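The values are calculated or read from the model by the stated rules, or taken from the named source; none is laboratory data. Keep in mind that this is a model prediction, so the values were computed, not measured. FYI the Cβ positions are ideal-geometry reconstructions off the backbone, even for glycines, and counts take in every protein chain you see.
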DNA sequence: CGGCCGATCCACT
DNA sequence: GTGGATCGGCCGA
């Protein structure tokens, strides 16, 4: 079942980040389907979170996407090399987001290998936010895409999340501070990263 | 318009 | 453990 608008528009972005573990992230890129189970997430709590791009209510061409309704994809270029995929949460006007940092490969592994130019599944395949987008074929030019429908009307391309029969127990969830945000002072200490430890 | 820098990754030592 | 790659976005002038 595709995750609904109501799932994304709830107010607690940290709780949503936690709940996204075990959900299936799917893409159709140029007509080709690939998917994986989300194994690592980080919450970015909007205008009061110094680690967020929207800290201090900053509105720019890029961050504007974060102010859209929950269930929108916020994708941006990092270090000039990597597309990073986020799920926008909360209602329109409140710029919360969850960064997807890792997936367990599901369907379409041969195509994933082709995209990463590898011959077989390595130990950390699909781990790391730049790798998530690489294996699923997601590009930062797709930012703003609607995540609640399987065909978002952008030609053959679509991204969505599904609830699958993948059970996650609380005991399997590791909570830590976020990666790469040491510049953000106190916010760097927030326990906003969730890892599936299975 | 110029300069700085990033929610990273990988090869190499 | 470390450093280079690489370029759009953001800010200041």
* Kindly provide the set of residues from region A:77-94 that are over 13 Å from the mean Cα position of the chain (by Cα) and either within 14 Å of residue A:146 (Cβ to Cβ) or more than 10 Å from DNA strand B (Cβ to nearest atom) (or both), ordered by number. => A:90, A:91, A:92, A:93, A:94
* Consider residue A:122 carefully, then state whether it is closer than 20 Å to residue A:8 by Cα and out of contact with any helix residue (DSSP H, G or I) (no Cβ under 6 Å at 6 or more places or on another chain). => no
* To do: Out of the residues in region A:53-76 that are touching a helix residue (DSSP H, G or I) at 6+ places or on another chain (Cβ under 6 Å) and in a loop (DSSP other than H, G, I, E, B), state the one that is nearest to DNA strand B (Cβ to nearest atom).
  => A:53
* Asked: Among the residues of region A:31-43, is any at pLDDT 95 or above and assigned to a loop (DSSP other than H, G, I, E, B)?
  -> no
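Anything in region A:168-191 that is away from DNA strand B (no atom under 16 Å from the Cβ) and either outside any loop (DSSP other than H, G, I, E, B) or without any contact (Cβ under 8 Å) to a residue 60 or more places away in the chain (or both)? List them, or say none.
A:169, A:170, A:171, A:172, A:173, A:174, A:175
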* On the given criteria, is residue A:137 under 22 Å from residue A:198 (Cα atoms), in contact with a strand residue (DSSP E or B) (Cβ under 6 Å, 6 or more places away or on another chain) and in contact (Cβ under 8 Å) with a residue 12 or more places away in the chain? -> no
* Subset tally (residues that are in a loop (DSSP other than H, G, I, E, B) and either within 16 Å of DNA strand C (Cβ to nearest atom) or exposed (fewer than 15 other Cβ atoms within 10 Å of the Cβ) (or both)) for region A:92-106 -> 3
* Scan A:67, A:74 and give me the residue that is within 13 Å of DNA strand C (Cβ to nearest atom) and closer than 25 Å to residue A:176 by Cβ. => A:74
* Structure fact -> Going through region A:143-167 in order, the residues found to be surrounded by 18 or more Cβ atoms within 10 Å (Cβ to Cβ) and either farther than 17 Å from residue A:74 by Cα or in contact (Cβ under 8 Å) with a residue 60 or more places away in the chain (or both) are A:143, A:145, A:146, A:147, A:148, A:157, A:158, A:159, A:160, A:161
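Go through region A:107-134 and give me each residue that's more than 16 Å from DNA strand C (Cβ to nearest atom) and either closer than 17 Å to residue A:197 by Cα or outside any loop (DSSP other than H, G, I, E, B) (or both).
Within region A:107-134, A:109, A:110, A:111, A:112, A:113, A:114, A:115, A:125, A:126, A:132 meet the criteria.
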